[in-house]
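Participant: A single structure is presented below for examination.
What follows is calculated from the coordinates using simple rules that are stated; it is not laboratory data. Nothing here was measured: the structure is a model prediction, and the numbers come from that model. Glycine gets a Cβ as well: all are built from the backbone with ideal geometry, and neighbour counts include every protein chain shown.
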Amino acid sequence: LEHYHEALKLHPSYADAHYNLALLYQGLRDTMNAVRHWRAYLKLDANSTWAQIARRELGKLEATTVVTGGKLRLVTKAD
C-alpha cells in the first residue's frame, strides 16, 4: 500500500497504481477506498481489457454497498 501511495504522489495519473490499490483495498475489505481507486482507474484507462475487469469488480462492490450520509457502507441481509 505504501509504495503505491508513494507512486501516486509522484504521478497522480498512474493508472496501474490505482488498479493495484483497488485490488489491495478490496482484499482488505476496505470498500470505500477500493471503490475510489476503481473509479480513478477507470477515468484514466476506460477502454482496456483491464478496464473490463475493473468495471466488473466495481460492480460487485457497488452491488453490496449503499451511500448513507455521503459514506459507503456494506449492505447485509439484515438491511
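Participant: Provide the FRET efficiency to the nearest 0.05 for the residue 9-residue 55 pair, computing r from the beta carbons and using R0 = 22 Å.
Facilitator: Given R0 = 22 Å and the Cβ-Cβ separation, E is 0.25.
Participant: Hey, if you drop one equal point scatterer on each alpha-carbon of segment 1-45 and run the Debye formula without solvent, what base-10 log of I(q)/I(0) do you get at q = 0.15, 0.22, 0.26 Å⁻¹?
Facilitator: Calculated log10 I(q)/I(0) at the listed q: -0.29, -0.62, -0.85.
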